[in-house]
Amino acid sequence: MRIPKYLRVSKKLFLYTLLMQLGFFAFGMVMVVIINAFFNEDMDYACMGTIMALCGILAGGFQQASGVNFRLTVLMGERRRYFLLWSPVVTALLTLQGWLTAFCLFHLETALYHALYPGYASDLPVELAFQWWAVAASAAALSIAALFFGAIYIKFGSKGAVTLWLVFCFGCMMLPQAIDKYQSGSRSLLAGVGRLLTMLAAALTPVMWGAVGVVLLLCALAFSVWVYLRAEVRI
């Protein structure tokens with residue numbers, strides 16, 4: 001069986017993901033060195049380099065969300081069903097490469113901090129993220145999410161994709177703050193949102209939340225397949 005043309009279109013994504021992770025990692029380490037030098041007396045700041053490298057996995061996976069690779073693949077004569085098969089596979093492989101890179105960088109960062117700061121102990125157990133179920137779940141979720149964002153771009157254009165991305169980023173920033181405000185006893189509107197989120201979290205078991213996540217991913221996958229199979233591709 002010949003190698004699908006989509007793989008040839010996507011082969012540079014692995015290098016780009018690695019370079020982004022290394023850049024994010026270096027930025028995170030510089031942050032820790034500056035914080036420990038000027039602000040932190042205990043020298044126990046979290047492994048920000050590793051955390052930033054993990055963010056690089058997300059950035060790497062969403063390189064395909066612009067719909068460019070889809071158009072190139074179709075224009076090169078490849079069937080759409082091959083794209084729907086190989087695009088998630090490539091994203092999953094990118095995710096696994098990202099986790100392996102982050103794992104190696106975590107050990108490098110920890111060794112460097114122990115050398116720079118005797119008695120160093122991270123105040124955030126980043127190593128707990130490197131569990132097989134977290135890696136597998138993120139690979140599956142990111143594969144579908146990247147396909148979904150690409151479908152949004154194709155269906156609604158750049159404005160739709162940017163709007164969805166901003167909503168996602170806003171939620172990631174504000175929802176933890178809302179929960180923190182509620183737990184601190186604040187009576188603000190944000191604290192009210194945090195109270196609602198806490199009630200929802202308590203109402204469902206982890207298994208039930210996992211089922212909700214699976215249903216949402218399946219809906220996103222179904223929408224993506226519908227869009228890609230019907231999308232008009234122009235030269």
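Here are the numbers:
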read-out	value
Test: residue in segment 130-150 that is open to solvent by 60 Å² or more (accessible area, probe 1.4 Å) and of a type outside the set (Phe, Trp, Tyr)	yes
Residue 156 more than 19 Å from residue 63 (Cα to Cα) and in a helix (DSSP H, G or I)	no
Residue list for segment 100-132, restricted to those being at pLDDT 90 or above and farther than 18 Å from residue 27 by Cα	100, 130, 131, 132
Residue 155 being open to solvent by 60 Å² or more (accessible area, probe 1.4 Å) and modelled with pLDDT under 80	no
Some residue of segment 103-117 being outside any helix (DSSP H, G or I), within 27 Å of residue 165 (Cβ to Cβ) and either out of contact with any Lys or Arg (no Cβ under 7 Å at 6 or more places or on another chain) or in contact (Cβ under 8 Å) with a residue 40 or more places away in the chain (or both)	no
Cross-chain or 6+ apart pairs with Cβ under 9 Å, segment 159-173 first and open to solvent by 80 Å² or more (accessible area, probe 1.4 Å), then part of a helix (DSSP H, G or I) and at pLDDT below 85	165/62
Residues of segment 24-51 satisfying the condition of being within 13 Å of residue 101 (Cα to Cα) and open to solvent by less than 40 Å² (accessible area, probe 1.4 Å)	25, 49, 50
Unmet requirement for residue 74, which otherwise passes all of (1) β-branched (Val, Ile, Thr); (2) at pLDDT below 85; (3) open to solvent by less than 30 Å² (accessible area, probe 1.4 Å)	(3)
Residue in segment 89-98 that is modelled with the highest pLDDT, counting only those that are of a type outside the set (S, T, N, Q) and crowded, with 21+ Cβ neighbours inside 10 Å	98
First in segment 123-137 and closer than 24 Å to residue 36 by Cβ, second anywhere and among the small types (Gly, Ala, Ser), Cβ under 6 Å, 6 or more apart	123/46; 124/46
Residue selected from segment 1-15 under the condition closer than 21 Å to residue 78 by Cβ and open to solvent by 70 Å² or more (accessible area, probe 1.4 Å), by the criterion modelled with the highest pLDDT	12
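The values are calculated or read from the model by the stated rules, or taken from the named source; none is laboratory data. In this text the structure is predicted, and so the values were computed from the model without any measurement. Neighbour counts are summed over all protein chains in view; Cβ atoms, including those assigned to glycine, are modelled from backbone coordinates with ideal geometry. When the accessible area is computed, the model is the full protein with side chains, heavy atoms only, and any ligands, DNA or RNA have been set aside. Shrake-Rupley method; radii C 1.70, N 1.55, O 1.52, S 1.80 Å.
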